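The values are calculated or read from the model by the stated rules, or taken from the named source; none is laboratory data. All of these numbers come straight from a predicted model, not from anything done at the bench. Virtual Cβ from ideal backbone geometry, glycine too; neighbours counted across all protein chains shown.
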Amino acid sequence: MRLLITGGAGFIGSNYIRYILSAHPDYEIINLDKLTYAGNLENLSDCENADGYSFIKGDICERGILDGLEFDAIIHFAAESHVDRSILDAQPFLQTNVAGTVNLLEEARKRNCIFLHVSTDEVYGSIDQGFFYENSPLQPNSPYAASKASSDLMVRAYVKTHNIKGMITRCSNNYGPLQFPEKIIPLVILNAIKRKPIPVYGDGMNVRDWIYVVDHCRAVDAVLHKGEAGEIYNVGSKNELTNSDLVKLILSKTAEKLDCDKNELLSLITFVEDRKGHDRRYAIDPAKLQEKTGWKPEMEFEDGISATVDWYIANKQWWERIVSGDYLNYYNTQYAERLK
Ligand code: NAD
Ligand code: TYD
């Protein structure tokens, strides 16, 4: 197959490209990425000379950006992805996540190719008990989630109106190597290494369902090959933790690896003002995907966290560059201070 992958220089996209190159070495991959603050070609330094791989720097919002390119499927990861940034300024989220997706849907319509839209469980909003299913109502609460829900609805509209081969995956919170350190798990690891305060929002009792990034990549691959046009698939591990328990687990693993006193790291935990509109709990049921494709998550959570902590300890150069001048200039929000 020939795949056009958008956002392949980001966290999940770069893990996905690495996964595809090893699972399907005969596939051709075109990676289209604008290289925003979150995109980094270093994430793919071991892939850049692989047979069949090519990179194009470009914006998914630009009309004609795919002219002259041939492929069988668009795997659409590119997005503005951080809730906190969407609270500060929703415009880039509207532009990339909604207008950019529509621009790509037009390309899929012209070419009659597969369009696999990588979405999020955050479109369903917060749930106190039980699980969200693929037919649960969309009740997004953050501008990020609302922009992703809007793009999901545009995919649906193109399936219904233009009969495109569109599919949507809605995954829970990912973690693993190469995640930009604005997100909670890498932020906790880096701040522990640097002995900086670790900001926990509100009472720390918000719940997230964590999945290892490679398990998500395997799910996207399963949907690409075995999914049905017009269908939506939840992707999750049923692995719920409060932020408070998550942070404590990461800190105890990090203390083990750094061979330091666990209590020294635990004392860095600092409860700070809550995020506006902070969703209390995300929980989805991935049974449909499992039944349709046979996919199931493989990584045990403690092993995944251990591998992730190891990766950040071993890749100091990677994150030191991210928290230095260039990235911070681009990032340019009050959150940039935290990354230093
Ligand atoms: P990320 O922020 O790490 O990467 C986003 C990538 O998209 C970057 O490489 C960036 O340069 C690129 N990009 C942004 N705007 C672009 C544009 N206009 N044109 C071309 N490229 C552009 O995000 P991520 O965490 O890897 O998430 C990837 C996708 O998965 C997103 O669609 C996100 O909504 C979805 N998702 C993420 C999670 C998670 O926990 N991270 C969970 C479920 C779904
Ligand atoms: P995050 O990694 O931003 O992912 P999302 O908002 O998409 O779930 O946040 C995960 C959880 O961690 C969420 O409940 C907010 C919380 N959080 C903190 O407590 N402190 C932080 O500094 C950050 C970035 C997040």
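Can you tell me which of Gly125, Gly130 is more than 13 Å from ligand 1 (Cβ to nearest atom), at positive phi and crowded, with 17+ Cβ neighbours inside 10 Å?
Values: Gly130 fails: crowded, with 17+ Cβ neighbours inside 10 Å.
Result: Gly125 is the single residue among Gly125, Gly130 that is more than 13 Å from ligand 1 (Cβ to nearest atom), at positive phi and crowded, with 17+ Cβ neighbours inside 10 Å.
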Check your understanding: Are any residues in the stretch 292-312 over 20 Å from the mean Cα position of the chain (by Cα) and surrounded by 16 or more Cβ atoms within 10 Å (Cβ to Cβ), and if so, which ones?
Key -> Thr293
Check your understanding: In the stretch 210-255, what residues are farther than 22 Å from Gly13 by Cβ, out of contact with any helix residue (DSSP H, G or I) (no Cβ under 8 Å at 6 or more places or on another chain) and outside any loop (DSSP other than H, G, I, E, B)?
Key -> Glu240, Thr242, Ser244, Asp245
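Here are some residues: Ile75, Ile60, Ile65. Which one is within 11 Å of ligand 1 (Cβ to nearest atom), among the β-branched types (Val, Ile, Thr) and within 21 Å of Pro177 (Cβ to Cβ)?
Details: Ile60 fails: within 21 Å of Pro177 (Cβ to Cβ); Ile65 fails: within 21 Å of Pro177 (Cβ to Cβ).
Result of the check over Ile75, Ile60, Ile65: Ile75.
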Review point. Yes or no: Glu70 at pLDDT 95 or above and out of contact with any strand residue (DSSP E or B) (no Cβ under 7 Å at 6 or more places or on another chain)?
Key: no
Point to revise | Selection within the stretch 107-133 - part of a helix (DSSP H, G or I), in contact with a His (Cβ under 9 Å, 6 or more places away or on another chain) and not hydrophobic (A, V, I, L, M, F, W, C) | key: Arg109
Review point. Does the stretch 52-75 contain at least one residue that is in a loop (DSSP other than H, G, I, E, B), within 16 Å of ligand 2 (Cβ to nearest atom) and buried (at least 21 other Cβ atoms within 10 Å of the Cβ)?
Key: no
Check your understanding: Across the stretch 160-177, what is the total count of residues that are within 20 Å of the chain's Cα centre (by Cα), more than 10 Å from ligand 1 (Cβ to nearest atom) and assigned to a strand (DSSP E or B)?
Key -> 3
Review point. Tell me, which residue of the stretch 178-218 that is polar (S, T, N, Q) and within 16 Å of ligand 1 (Cβ to nearest atom) is surrounded by the most Cβ atoms within 10 Å (Cβ to Cβ)?
Key: Gln179
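Residue by residue through the stretch 250-276, note down the ones that are within 20 Å of Asn173 (Cα to Cα), buried (at least 16 other Cβ atoms within 10 Å of the Cβ) and of a type outside the set (Val, Ile, Thr). Break it down into steps so the answer makes sense when it comes.
Just the residues of the stretch 250-276 that are within 20 Å of Asn173 (Cα to Cα), to begin with: 250-251, 253, 274-276.
Filter again for buried (at least 16 other Cβ atoms within 10 Å of the Cβ), leaving 250-251, 253.
Leu251, Lys253, listed by residue number.
Is one or more of the residues making up the stretch 137-144 part of a strand (DSSP E or B), assigned by TED's automatic domain parsing to the domain that holds Ile74 and either farther than 26 Å from Ile65 by Cα or at pLDDT below 95 (or both)?
Just the residues of the stretch 137-144 that are part of a strand (DSSP E or B), to begin with: none.
No: the stretch 137-144 contains no residue that is part of a strand (DSSP E or B), assigned by TED's automatic domain parsing to the domain that holds Ile74 and either farther than 26 Å from Ile65 by Cα or at pLDDT below 95 (or both).
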Review point. Of Val102, Val98, which residue is closer than 13 Å to Phe77 by Cα and either part of a loop (DSSP other than H, G, I, E, B) or more than 16 Å from ligand 2 (Cβ to nearest atom) (or both)?
Key: Val98
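Taking the conditions exactly as written (of a type in the set (A, V, I, L, M, F, W, C), surrounded by fewer than 17 Cβ atoms within 10 Å (Cβ to Cβ) and away from ligand 2 (no atom under 13 Å from the Cβ)), does Leu289 satisfy them or not? Break it down stepwise before answering.
Details: of a type in the set (A, V, I, L, M, F, W, C): yes; surrounded by fewer than 17 Cβ atoms within 10 Å (Cβ to Cβ): no; away from ligand 2 (no atom under 13 Å from the Cβ): yes.
Here the answer is no, as Leu289 does not meet what is asked.
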